[in-house]
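K.L.:
Before we start, here is the structure in question, set down as structure tokens.
The values are calculated or read from the model by the stated rules, or taken from the named source; none is laboratory data. As the structure is a computational prediction, the values presented were derived from the model and not from experiment. Reconstructed Cβ throughout: ideal geometry from the backbone, glycine too, with neighbour counts over all protein chains shown. Only protein heavy atoms, including side chains, enter the accessible area calculation; ligands, DNA and RNA are left aside. Shrake-Rupley method; radii C 1.70, N 1.55, O 1.52, S 1.80 Å.
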Amino acid sequence: MFDAILVTLKLATLTVLLLLIVGTPLAWWLSRTHSWFKAPIEALTALPLVLPPTVLGFYLLLVMGESGPLGQLWQTIFSHPLSFTFTGLVVASCLYSLPFVVQPLQAAFEQLDRNEIQAAWTLGASHLRTFTTIILPQARRGFLTAIVLGFAHTLGEFGVVLMVGGSIPGETKVMSIAIYEYVETLQFGEAHQLSMILLGFSFLVLWMIYTVNRGKQIGRWA
Amino acid sequence: MSALMIHAQVQRKDFELDVDVSLPLQGVTAILGPSGSGKSTLLRLLAGLECPTQGEISFNGQVWSDTKRRIFMPPQQRRIGMVFQDYALFQHMTVAENIGYGLARAERTQQVGLAIERFHLHSLAQRYPAQLSGGQRQRVALARALITKPSLLLLDEPFSAVDAALRQNLRRELKNSMAAAECPSLLITHYLEDVYYLADYIGVMINGRMLQFGLKHDVLSHPNCKATAELLGWQNFLPIRGITHDRVYGGWGEYSLAKEVDISSAWLSIRAEHIQLLPALASTIKAEVLEQYELGQTRVIICRLEDGTAIQRQQPLLDNYPRQGEMCSIGLPDTAVAILPDRVSGNLRHVATPAQDSMRISNTSKIINIKDKLTRTR
């Protein structure tokens, strides 16, 4: 049981970190661009919201499997397969949780006052300093929402994980799969414990988001 | 040469800007123009927040942008101070943090203290922008822009975000601050009062073109076309149907010139405070008084000329005035009359000749200063 909790936490943490690195520039671009590409990219990003996880998992398995293009490339470079490994699980999770990180960030960036950013430039601030001192503090609610939602959504993954990662104890067996297996083998006590952890965590996460976003206050941590 | 040379074009789907002007780097330059005239775009070009589609901008010989040589100096390197229309204060920072943002950490505490003293912000230093009034925000924005000792201060419609009642106080504060900073300033506005009160030089922008630029007094008293004159508060425009060697005329009557006016002029213009209302037979331009009303300490009298053109006179409230329905005549003092074309091209070196089929068109077109070139022979 603890193996499953550890794998899940590791997976969720890594997924959120990677998604912040990839999702921040993507969300920034989506919030600023008027390009023709914006709508199709937004649609692609949002696909995991509406697609059944098994569909996404099925295609990811085709792409990442031993005969899939990404799987073959991975095998050539690293000499081990991508599917049914923890790394493969991280890649799949990133795709599956992408909208939960990108969309809150995009919304936060769209609400930023462009003049404040430009005022910082006229005061001599570099783009990096502008990001850390103006954009990041003002979009902090968006970042917090993105982190929490991305983390929580990864915790609850089932379909994609099962298709791409299978159920290798200590490697790809996450909490949701462990619960499924406990139920299948009629170990309701263990299933209950893991389920309560997920339920409690999910509730706390949503409570926190609603509290943070409740109202606009004046000051640094508004 | 101490000047801001702007030769820039911006082309967008629905807007075109084409400015070719050299601004002096002293005092306050006000760019006056209606909404959509391109004055904000011009300011953003100068700040480095937009790139011209084509052209060159240089400051005191230093090239800020040059599309041919692919030079573009980012705003961080231009040493400008900018006060945005909504002040753009950083909402998550206190007043003191806002003011010190542009300074290096080492000099921040001391310089911010001095600025807070100079701008009378003692009691507000630890407040956030959302807790300030419009006037206080403007002071913070100005302090933040000036603390870096910029070589040019840019102000984007500095009074549009405040009530009319506050505006005059803020103008006075801004004037004092700009004078104390000894930094050349360029402000854009659509309020004529800003120009009267603050400016040393005026540029008039309409439809993406700088139609006129010069010393405040010169531009205010000698607009170069009807569009400029309207923006500068001239109210009376008598349509000219023709020009002979010694007079201009229209349905309203005629006005004698001492020598040929070599211009395809369309309008005889005079300010409301300069046009005279005379007894009925005193001049050949007849008018009927339509109405009169009080406007603060002045009285506005609206008259109709023989061709139906409405004109207005403004005079001190206590002066005698003709009553509604009375017939009178119009006096046009030589020193106050301007003969104007409809529009000029916006290239300040070559004034255009707008075609008017009812008029004699000449090859060269000049801005006519009626004071120098016309005399009334009535």
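K.L.:
Looking at A:SER79, A:SER67, A:SER31, A:SER35, which one is free of Cβ contacts under 8 Å to residues at least 60 places away in the same chain, out of contact with any Gly (no Cβ under 9 Å at 6 or more places or on another chain) and under 30 Å from B:MET82 (Cα atoms)?
P.N.:
A:SER35
K.L.:
Just wondering, is there one or more residues in the range A:141-156 that are assigned to a loop (DSSP other than H, G, I, E, B) and at pLDDT below 90?
P.N.:
Yes, some residue in the range A:141-156 is assigned to a loop (DSSP other than H, G, I, E, B) and at pLDDT below 90.
K.L.:
Name the helices (runs of 4 or more DSSP H) wholly inside the range B:191-256 in which the number of residues that are open to solvent by 20 Å² or more (accessible area, probe 1.4 Å) and under 22 Å from B:ILE302 (Cβ atoms) is 1 or more.
P.N.:
Filter on the range B:191-256 gives B:192-198, B:226-231.
K.L.:
Right, here's the next one. Any residue that is closer than 30 Å to B:VAL140 by Cβ, modelled with pLDDT under 90, of a type in the set (Phe, Trp, Tyr) and within 10 Å of the chain's Cα centre (by Cα) - is there at least one of those in the range B:197-212?
P.N.:
No; the residues of the range B:197-212 include none that is closer than 30 Å to B:VAL140 by Cβ, modelled with pLDDT under 90, of a type in the set (Phe, Trp, Tyr) and within 10 Å of the chain's Cα centre (by Cα).
K.L.:
Can you say whether B:PHE90 is at pLDDT 90 or above, open to solvent by less than 20 Å² (accessible area, probe 1.4 Å) and under 11 Å from B:ALA141 (Cα atoms), as far as the supplied structure shows?
P.N.:
Spelling it out, B:PHE90 is indeed at pLDDT 90 or above, open to solvent by less than 20 Å² (accessible area, probe 1.4 Å) and under 11 Å from B:ALA141 (Cα atoms).
K.L.:
Against the condition exposed (fewer than 15 other Cβ atoms within 10 Å of the Cβ) and more than 15 Å from the chain's Cα centre (by Cα), how does A:THR54 come out, does it pass?
P.N.:
Yes: the conditions hold for A:THR54.
K.L.:
Taking B:GLU107 as meeting all but one of (1) within 14 Å of chain A (Cβ to nearest Cβ); (2) on the phi > 0 side of the Ramachandran plot; (3) open to solvent by 50 Å² or more (accessible area, probe 1.4 Å), write down the number of the exception.
P.N.:
Going through the list (1) within 14 Å of chain A (Cβ to nearest Cβ); (2) on the phi > 0 side of the Ramachandran plot; (3) open to solvent by 50 Å² or more (accessible area, probe 1.4 Å), B:GLU107 breaks only (2).
K.L.:
Output the residue which, of all residues in the range B:75-86 that are open to solvent by 10 Å² or more (accessible area, probe 1.4 Å) and more than 7 Å from chain A (Cβ to nearest Cβ), is farthest from the chain's Cα centre (by Cα).
P.N.:
Only one residue fits best here, namely B:GLN77.
K.L.:
I'd like the full set of residues that are within 21 Å of B:LEU155 (Cβ to Cβ) and within 9 Å of chain A (Cβ to nearest Cβ), limited to the range B:123-140.
P.N.:
Across the range B:123-140, the qualifying residue is only B:PRO129.
K.L.:
How many of the residues making up the range B:115-160 are assigned to a helix (DSSP H, G or I), open to solvent by 20 Å² or more (accessible area, probe 1.4 Å) and in contact with a Leu (Cβ under 7 Å, 6 or more places away or on another chain)?
P.N.:
Counting residues in the range B:115-160 that are assigned to a helix (DSSP H, G or I), open to solvent by 20 Å² or more (accessible area, probe 1.4 Å) and in contact with a Leu (Cβ under 7 Å, 6 or more places away or on another chain) gives 4.
K.L.:
Can you tell which of B:GLU254, B:GLU273, B:GLU260 is modelled with pLDDT of 90 or more and acidic (Asp, Glu)?
P.N.:
Result of the check over B:GLU254, B:GLU273, B:GLU260: B:GLU273.
K.L.:
Another one. Just the residues that are touching a Ser or Thr at 6+ places or on another chain (Cβ under 9 Å) and within 11 Å of chain B (Cβ to nearest Cβ), please, taken from the range A:92-115.
P.N.:
A:LEU112
K.L.:
Identify the residue in the range B:77-114 that is in contact with a strand residue (DSSP E or B) (Cβ under 7 Å, 6 or more places away or on another chain) and part of a loop (DSSP other than H, G, I, E, B) and, among all such residues, is farthest from B:VAL162 (Cα to Cα).
P.N.:
B:ARG78
K.L.:
At pLDDT below 90 and among the β-branched types (Val, Ile, Thr): is that true of B:VAL219 in this structure?
P.N.:
In short, no.
K.L.:
Answer with yes or no whether A:HIS153 is touching a helix residue (DSSP H, G or I) at 6+ places or on another chain (Cβ under 9 Å) and open to solvent by 60 Å² or more (accessible area, probe 1.4 Å).
P.N.:
no
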